Amino acid sequence: MGKLFTTGSQFPPTGEIERLAKYYRGKKIFDGKMYEILERASDILRDTPHAHQLQKLYIAVNIIDVLLTKSADLMFGEPPSYESGKPDASTEQTRLNSIVEENDLNQLGHEVVIGAGIRGDAWLKAYYAVRQDLSEVPTDANGKPLVSAAPEPIIEAVDPAYVFPELSRGSRKRFRAVNIAWVEWVAEPTPPGIEKYSLTKQPDVQEVPYLNVERHVPGFIFYERYRLAPADVDTRFDAPIQTFSIVEAVATGRESDMVETGLTWIPVFHVPYKTVDTDWRGISGIEKLESVLAAINDRLVQIDYILWKHSDPTAYGPDLGEAETRFAGRYIPVEKDDVKPGYMTWDSQLDGAFKELDILLGLVFQMSETPQWLFGTVLAQDKGGTGTSHTDGVAIKARFMPILSKVKRIRTHVDRAFRDALWTAQVLENYANEGVDGFTAYDPPYPNIAWKDGIPRDEKELAEIMQIRTGGKPTIDVQSAIKRQDEVDDEKAREIMARIEADEKAAGFVDSSVFNEPGGGA
């Protein structure tokens with residue numbers, strides 16, 4: 001089995017067109033641009049006089065935005081803690097905290113969860129390099145940038161539309177290589193003599209597509225670059241996917257096209273939204289709802305159209321001749337004596353349309369495993385309540401069970417990818433700085449992530465439960481209590497404890513045991 005991208009082959013590969021089309025449709029729906037792909041009502045009435053009016057009235061309800069964002073809010077609204085298993089002052093924990101903070105890992109995680117919900121897939125890449133882009137910085141006589149920056153471990157998201165994995169033989173889940181490939185359009189002078197093949201004057205500059213490829217395998221990264229020729233636009237899956245023919249390999253412009261990573265695994269990690277055991281591709285939070293979302297928008301268009309027609313009905317009555325009579329809509333003269341003027345109305349079944357809209361909205365929330373009242377209001381009459389009738393922690397968690405189960409399922413994929421990426425970043429840092437003066441080497445620990453469910457905890461209720469379970473015995477030491485309550489590290493907690501002890505001494509408090517000593521009391 002050879003490489004995925006070679007001269008003469010197609011980009012993107014034929015087998016990836018459907019996946020890329022799903023990404024395209026999901027992004028359009030999330031952006032609220034459903035009119036570009038879900039125009040069923042307009043298609044049905046395309047050849048009728050209503051088509052022009054429907055195009056103006058089309059409403060795009062972006063309900064999927066809040067549904068996908070809510071899972072990310074519950075997962076990263078309360079930031080998780082990253083633990084190395086070592087003391088806070090240790091090199092391992094210090095470096096782990098630094099990597100988390102410098103890469104804004106919690107913000108990255110929030111974006112990754114939303115992105116995976118849109119497309120079904122998200123990818124993380126870990127590498128060791130200079131974070132700043134210095135390509136536009138002026139250089140000195142030796143070609144070195146006038147501004148320098150130190151390399152550091154980087155964890156970043158990769159656009160899933162750029163990722164093309166190669167499966168291991170006989171496996172549906174394991175990868176033997178992961179390709180990160182994207183098309184770059186470069187402005188180049190138009191070749192001379194091309195005018196004789198064209199009837200129009202050609203511009204002096206033309207844009208030429210090139211394919212850049214990062215091929216990741218265990219231990220190495222191979223860089224490739226190819227010149228492309230536009231071939232066609234594939235629209236089989238309701239999305240315009242541009243295809244190219246790979247013409248020839250060209251120079252990458254790098255000092256070396258092969259980089260050794262020192263790893264025994266691929267530093268690119270998959271974060272699916274939901275998976276099954278027969279395919280590596282993730283299942284998004286949108287693809288199963290596309291037809292329901294289309295029906296919701298069509299129903300809103302129909303209701304809006306009916307209300308517009310009701311507000312501007314056609315009138316009828318006797319022929320008034322040249323009389324200046326103004327009506328809101330059209331006027332149809334009736335050839336009959338003494339006809340009373342009136343309006344033409346029809347049974348528009350608005351009640352039925354609204355009932356169907358309620359059912360469709362309820363289906364969206366049910367299929368998304370998200371209670372409607374979670375957003376503080378109820379759109380459809382689903383008898384689900386407002387979520388405010390229970391105040392104790394157990395009842396609230398029971399009400400939140402559907403969304404919490406969904407978040408836990410998503411979190412299993414995020415947790416694995418984040419821990420792998422953090423561990424890889426530490427390994428790369430030690431490998432790149434081996435023998436470098438001033439760098440303190442350490443044994444990279446595989447981290448643990450303590451997640452929170454995003455639901456406010458009833459501290460009083462929790463303390464009462466612990467008191468019952470332990471028979472009134474203490475369940476937490478002072479330092480840990482301060483650390484958790486104030487969300488500080490061990491060092492800061494010890495400082496607070498020292499100040500409390502100093503305050504007690506300054507106030508003249510003494511240990512009550514002195515009164516029990518011989519001669520200490522009456």
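Some points to look at:
- Loop-located trypsin sites (Lys or Arg not before Pro) in the range 247-283 whose Cβ has at most 14 other Cβ within 10 Å (DSSP): Arg254
- Two-site FRET efficiency, Asp232 against Lys274, from Cβ-Cβ distance with R₀ of 35 Å, rounded to 0.05: 0.60
- Gained length - Lys408 relative to Lys492, 0.36 nm times residue gap less alpha-carbon distance: 27.1 nm
- With the whole protein complex present, Glu188 retains an accessible surface near 50 Å², based on a 1.4 Å probe.
- ³J(HN,Hα) computed for each position of the range 299-308 - Karplus, 6.51 cos²θ - 1.76 cosθ + 1.60, integer Hz, glycine/proline x: 5, 5, 4, 5, 4, 4, 5, 5, 5, 5
- Each of Ser245 and Lys3 was given a label point 7 Å from its Cα along the Cα-to-Cβ line. The distance between the two points is 2.0 nm.
- The packing ranking of peptides 82-93, 288-299, highest mean first, is 288-299, 82-93, where packing means the average number of other beta carbon atoms within 10 angstrom of each residue.
- Note on Arg119: accessible area is roughly 50 Å² with a 1.4 Å probe, heavy atoms of protein only.
- Backbone N within the range 241-258 under 16 Å of label point (7 Å from Thr14 Cα along the Cβ vector): 243-246
- Cα centroid separation - the range 399-433 against the range 120-190, whole Å: 21 Å
- Relative to the globular-protein estimate of 2.2 N^0.38 Å, the Cα radius of gyration of the range 61-150 stands at 1.54.
- Karplus-derived HN-Hα couplings along the range 426-439 (A = 6.51, B = -1.76, C = 1.60, θ = phi - 60°), whole Hz, x at Gly and Pro: 5, 5, 5, 4, 5, 5, 6, 9, 5, x, 7, 5, x, 9
- The H on the amide N of Trp451, modeled in the peptide plane, is under 5 Å from the matching H of no residue at least 5 residues off or on a different chain.
- When the surface is traced with a 1.4 Å probe over the full set of protein chains, Ile283 keeps roughly 30 Å² accessible.
- Remark: the range 79-195 carries a charge dipole of roughly 820 debye about the Cα centre, counting +1 on each Lys and Arg Cβ and -1 on each Asp and Glu Cβ.
- Evaluating 6.51 cos²θ - 1.76 cosθ + 1.60 at θ = phi - 60° for every residue in the range 3-18, the Karplus couplings come out as 5, 6, 10, 9, 4, x, 8, 9, 10, x, x, 4, x, 9, 5, 4 Hz, glycine and proline recorded as x.
- Förster-model FRET efficiency, 35 Å R0, Asp503 and Leu462, C-beta, rounded to 0.05: 0.80
The values are calculated or read from the model by the stated rules, or taken from the named source; none is laboratory data. Given the structure is predicted, the values throughout are model-derived calculations rather than measurements. Please note: Cβ atoms are built from the backbone with ideal geometry, for glycine as well, and neighbour counts cover all protein chains shown. Accessible surface areas use protein heavy atoms only, side chains included; no ligands, DNA or RNA. Shrake-Rupley method; radii C 1.70, N 1.55, O 1.52, S 1.80 Å.
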